Amino acid sequence: VICFGSNAGAGTVQDPLSIRFSSQEDPFTWTPTATNTAGELRLGSGTQIVRALETKREIVVFTDSAIHSMQYLGPPYTFGVQQLATGITIAGFNSAVAVDDSVFWMGNSNFYVYAGRTDPLTCPVQHYVFDDFNSSQSDKVFAYLNSQYSEVTWLYPSGDSEDCDRYVTYNYVDKAWTFGNMSRTSWLDKGVSNLPIAAAKDQYLYFQEVGTDDGSTNPPSALAPYIESSPIDIGEGEKFSFVRRIIPDINFYASTSNPTATMVLKTQ
């Protein structure tokens, strides 16, 4: 058992940078001796531990100003900690999510990824998100994985909203970003359930990625879905494009009767 932000040693005063772990296969023994594997570590950067996430090869530990790697070393130290980067921020406890050996998270004004090293994510919608972001409610930001579509999404409160009412999604395979409005406060990826489950402010749980409505209207009404791309340029503007046909990669499986799709091309 590993405890982040524990009391220091056998004392009763909490140390927000302390990491303690019990002896292996013994969750009741926390005092280190020569015959057990219990121990204690203390991080040197930041004022408190915000989040710890387990990946396939390590535990990534966030403080309010740095990121660390915690790895199993074996006897006599059991675990060791290495500082990975400083000067980073994290929006809140739930604003980071692990995907295999990578960790994605939202900071105070940027998005980041750790995959062996820490890098900011190139985000073309960064200003759209952070210029209309309720920073006083940043603790409510919730990051989740939608493994079916290789997506990491952040639910966040916009403007003066006190709850998450928008989302921004990053597809880590296609390196593409999308955003929109959605009143959800947390999300559980599919696993035990065949569909993802999300919670909302209205105190309902919703099955996601199924059906035609999102529960925003009563009685329920079908969504008016759309997708809009960014401008597509050829060269630096000195070339022209002639479009003969469009072959959409869509289907109407399980759609309502007489489904249609309308395409609009905007030129300049």
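The values are calculated or read from the model by the stated rules, or taken from the named source; none is laboratory data. What you are looking at is a predicted structure, and each value in this text was computed from that prediction instead of being measured. Because the Cβ atoms are built from the backbone with ideal geometry, glycine has one as well, and the counts that use them run over all protein chains shown. These area figures cover heavy atoms from the full protein model, side chains too; ligands, DNA and RNA do not enter into them. Shrake-Rupley method; radii C 1.70, N 1.55, O 1.52, S 1.80 Å.
What the table below lists for this structure:
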quantity	calculated
Ala85 long-range amide H proximity, modeled H, under 5 Å	Ile67
Rh by Kirkwood over Cα pairs, then Stokes-Einstein D for the stretch 36-155 at 1.306 mPa s and 10 °C, µm²/s	104
HN-Hα J in Hz across the stretch 192-204 - Karplus 6.51, -1.76, 1.60, θ = phi - 60°, x for Gly and Pro	4, 8, 6, 10, x, 10, 10, 9, 9, 5, 6, 6, 9
The stretch 1-82 - percent of accessible surface contributed by carbon and sulfur, probe 1.4 Å	52
Summed side-chain charge close to Ala98 - residues other than Ala98 whose Cβ falls under 12 Å, Lys, Arg +1, Asp, Glu -1	-2
Relative pair counts by distance (%), Cα atoms of the chain, 5 Å bins	1, 5, 10, 13, 14, 13, 12, 10, 8, 5, 3, 2, 2, 1, 0, 0
Qualifying lysines (Cα of each under 19 Å from Cα of Lys201; at least 8 residues distant if same chain)	Lys140
Relative contact order, percent, the chain [alpha-carbon distance under 8 Å, six or more residues apart]	7
Table column - 3J(HN,Hα) (Hz), the stretch 42-54, Karplus curve with 6.51, -1.76, 1.60, x for Gly and Pro	9, 7, x, 10, x, 10, 7, 7, 9, 7, 10, 10, 8
Relative contact order of the stretch 75-118, pairs being alpha-carbon contacts under 8 Å that are 6 or more residues apart, as %	29
Cα-Cα P(r), the stretch 229-268, percent of pairs per 5 Å interval	5, 12, 22, 21, 13, 10, 7, 5, 3
Pairwise label distance in nanometres, Gln83 with Ser150, each label 7 Å out on the Cα-Cβ vector	3.6
